1. What are the residue pairs meeting all of these: first residue in the range 32-43, first residue modelled with pLDDT of 95 or more, second residue surrounded by fewer than 12 Cβ atoms within 10 Å (Cβ to Cβ), Cβ atoms under 7 Å, and 6 or more apart or on different chains?
2. Pairs please, first residue from the range 54-82 and within 18 Å of residue 20 (Cβ to Cβ), second anywhere and among the aliphatic types (A, V, I, L, M), Cβ atoms under 6 Å, 6+ apart in sequence or on different chains.
3. State all residues of the range 1-31 that are over 30 Å from residue 68 (Cα atoms), out of contact with any helix residue (DSSP H, G or I) (no Cβ under 7 Å at 6 or more places or on another chain) and either at pLDDT 95 or above or not in a helix (DSSP H, G or I) (or both); if no residue qualifies, say none.
4. Taking the range 35-90 as the search range and keeping residues that are hydroxyl-bearing (Ser, Thr, Tyr) and closer than 21 Å to residue 25 by Cβ, which one is surrounded by the most Cβ atoms within 10 Å (Cβ to Cβ)?
Amino acid sequence: MSVICFAASVNSAAFAQPEVIRCLAPEVPITDLPDRVLSEYRAEIAAEFEAYFAAVSTHIACLDTERSRALSEAHRATEAYSAFLNIPPAQKDLP
């Protein structure tokens with residue numbers, strides 16, 4: 001029986017842990033390079049910027065989704081806390 005209780009507490013603790021970061025921002029392409037390098041690799045740098053802007057759109061959509069998820073979670077937590085507050089406290093015997 002104690003093994004089951006231990007396993008349940010480990011599992012619930014694991015679920016209570018924050019998840020990994022879901023929405024990683026893309027890195028901005030580097031333009032702090034000598035002019036000759038920028039000129040020589042102009043097409044490649046332009047392609048990096050286009051990929052960056054596409055990734056930013058995806059990143060913003062991810063942030064919107066994460067915001068919605070976090071608000072839903074907070075709403076459920078508020079409901080759970082409200083239900084908890086409505087449970088009468090245990091009566092304790094006075095010495």
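1. These pairs meet every condition: 38/31.
2. If the second residue must be among the aliphatic types (A, V, I, L, M), the pairs left are 59/25.
3. Let us first name the residues in the range 1-31 that are over 30 Å from residue 68 (Cα atoms), namely 1-7, 30-31.
With the extra rule that they be out of contact with any helix residue (DSSP H, G or I) (no Cβ under 7 Å at 6 or more places or on another chain), the set shrinks to 1-7, 30.
Correct list: 1, 30.
4. Going residue by residue through the range 35-90, those that are hydroxyl-bearing (Ser, Thr, Tyr) are 39, 41, 52, 57-58, 65, 68, 72, 78, 81-82.
Imposing the further condition that a residue be closer than 21 Å to residue 25 by Cβ reduces the set to 52, 57-58, 65, 68.
Details: 52: 14, 57: 10, 58: 11, 65: 12, 68: 10.
Applying the filter and picking the extreme gives 52.
The values are calculated or read from the model by the stated rules, or taken from the named source; none is laboratory data. Note that the coordinates shown come from a computational prediction; the quantities given were computed from them, not determined experimentally. Every residue, glycine among them, receives a Cβ derived from its backbone with ideal geometry; neighbour counts consider all protein chains shown.
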